[in-house]
Each structure stands twice: as structure tokens, then as C-alpha cells.
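Worksheet: the structure to be examined is printed underneath.
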Amino acid sequence: MEIFETEIYLRYEELLKSQGLSWAGSAEPKRVRMEDLLDRYDAFCFDGYGTLYNRGSFVYEGALDWYTMLRAAGKQMRLITNAASDVDSVLAADAAKRGFAFSEAETISSGSLLKDLCVELRGRGKAVREVYYIGRETGKHVLESCGITAVALDAEPAEPIVAISSAKETPETYEQAVKILKRAGSMLLVLNSDAWAPKIPGDDGVTVREPVSGALSERLRRDSMCEANGGAGCETFYLGKPFPAIWEKVKRSLPEGSRVLMVGDTLGTDVLGAKIAGFDSALVVGRNVPAAELEADEKVLEIRPDYYL
């Protein structure tokens, strides 16, 4: 991992521990095929980008075979994604276009958690009616579903609130976001907690990784530290994996007592999140965790999956 990426995921661990959460270590992960796991679990949860598919129509080799096999076996399946680029119905439809026919009820995104967060914040006296937003244009649908308006990019919301769903900043929007977050009582809503993500592999088969919304949000959080907030920076709220709210929603969607496996490509969100949920986990190696860096990354984060796929 990049040093900055490591710092972000270590911060996530600190935040989870500060909430009284803990997790056990794992023994040496077993290298398996999906068919080896078929009879061990009732429900299979999948990360989307980097695990099943990537941008456009790109689908990873073997991913559709997993999906088809599990559907044929009658397994419960869920798409658990930190994508906040649109509402769940659209994310489900996009997955279906790639061959993964998850229903809206089977699709649980980080963006879908914003409604509950808004209820909490409004209970604290925050109106949360408008925000300064950085992300894909379609991500505004998530805001609109919660009764939130994104102000113009050269404006400031009535309350100092910035929402991030993807790393689509420009120098101008970044500067404006920092200005807002330096106001007293400012809040940063991180709709997608992913720090780094893999691009589609090149013709040489090599996967290039890039910083995404979680990295942008951490830069903003650090740059917001000023006299107005006592040097502590803006109050920051993280939605999605690895944090607990998304796992509680997953559990409510599954039959009680289900044996659950989380399949993903990222140690700091998918694997750590599965531990928080009490699920087993399988890591797809070589996408968001390069094989050559796997041992070092596991050591620094002190987390390991149950399986390598």
C-alpha cells in the first residue's frame, strides 16, 4: 500500500476501536476456489468494483462463473458496495447490465446509509438541507433522495457541510471545500470510504491503482484543521465498509443464523469490515492488494482474510 493509504486504513481501525469494537486475528488463510466454499456458507456478499467488475462493461475473469454457480445453488447473494454514484436501484441495474442480476433489495450501498445519518444529524439540530458536493453528477441522486441540494461549485451551503462521493475535485473545488470546512461547526460526509481502487488492467495484464474518495476526504480533513476548530479539523462521518452501519443493514436483509462470507478485493474495507460484522472473508488477490505487497499489508494492518481466492 501507499503510505497515505496505510495511514487512512489505520485511522479507520482507530475509529472502530474508539467505538468499542474489536476483532480477532486470523490463522493462515487458505487458498481456495469458490466451489470449495459452496457448502460452507448460506450467504455470499460481494464487493462490486475491483471484485466482480470495473468501469464500463469490464467484468473480471471467472466472476460471472461465481455468480452463476451460487445462483444455481440457491444461495443468498448480496452486492455490498461503497459506490455512492447513484441510488441502489440504479447500481443494481448497472450490475445487471454486466451480467450480475442483483435485485435492488440485494444491493446495499454506502450511499443508501445517508438517510439514517441525516435523521441522526437533524436530531442534533442540523438542518442538512444543502451541502457542497464533490463527486459524479449522478451522485446528486443520493443527496436528493435525502432531501439535500448540492449548492453551486462557487457557493457555500448555509451550514458548513461538504459531501464527497468520488475523487472528482479540481483545484478550485478543493480550495472551496477547504474554505467551507474551516468554518466553525463544519462537517465532512464521506459517502464512499474507499481510499484506493484498481483501474481496469492494461493490455499487459498489470493493474494500476489510484487514490479515490477516501483519500480525497482525508486530505480535506487534514487541511481543515485550523483555529476555528481548535486544530481538530472538521467533524467527519464515514459511510460504508468497514464501518458498522452497512453491516447491520446487511444482517437485517439476511435470514437469521445465516453463515455469511464476504468476498472483496481490499483489506481495509472488505476484510476489516467482515471482521466487524462477524463474517468470514475471502480476498481476491492481485487487484487492490498487489500479490507482492500482500504480506506487508496484512502485517501493518494486522488483519488477514480467512481465504485467498
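Just a few scattered comments:
- With neighbours defined as other Cβ atoms within 10 Å of a residue's Cβ, the residues 64, 267 order from fewest to most as 64, 267.
- About the centre of its Cα atoms, the range 112-238 shows a dipole size close to 360 debye [charges on the beta carbon of Lys, Arg (+1) and Asp, Glu (-1) only; nearest 20 debye].
- The separation of the range 76-123 from the range 208-222, counted between C-alpha centres, amounts to 21 Å.
- DSSP-defined antiparallel bridges as percent of all bridges, the chain, nearest 5: 10
- In angstrom, the C-alpha Rg and Dmax of the range 101-142 are 12.8, 40.
- Between the amide H of residue 280 and those of 260, 262, distances stay under 5 Å, these residues lying 5 or more places away or on another chain, with hydrogens modeled in the peptide plane.
- Charge-dipole axis of the range 157-308 as Lys and Arg at +1 and Asp and Glu at -1 on Cβ define it, positive-most pick from 178, 292, 195: 178
- Taking the centroid of alpha carbons for each part, the range 138-197 and the range 257-277 are 28 Å apart.
- For the range 145-244, share of DSSP beta bridges that run antiparallel, in % to the nearest 5: 25
- Ranking of 259, 124, 31, 221 by neighbouring Cβ atoms within 10 Å, starting from the fewest: 124, 31, 259, 221.
- Burial order of peptide ranges 188-198, 145-155, 49-59, 18-28 (average beta-carbon count within 10 Å, highest first): 188-198, 49-59, 145-155, 18-28
- Considering only 12, 50, 250, the residue lying farthest towards the positive end of the dipole of the chain is 250, judged by Cα position with unit charges set on Cβ.
- Along each principal axis, Cα extent of the range 233-309, largest first, Å: 40, 37, 19
- Across the chain, the mean sequence separation of Cα contacts (distance under 8 Å, 6 or more residues apart), normalised by length, yields a relative contact order of 22 percent.
- Kirkwood radius and radius of gyration were both taken over the C-alpha atoms of the chain, and their ratio Rg/Rh is 0.96.
- Close Lys pairs in the range 112-238 (alpha-carbon distance under 20 Å; sequence gap of 8 or more, or different chains): 8.
Any read-out appearing in this document is the output of simple, stated calculations on the displayed coordinates, not a laboratory observation. Please read these numbers as outputs of a predicted model, since none were measured by experiment. Cβ sites come from the backbone with ideal geometry, for glycine too, and all protein chains shown count toward neighbours.
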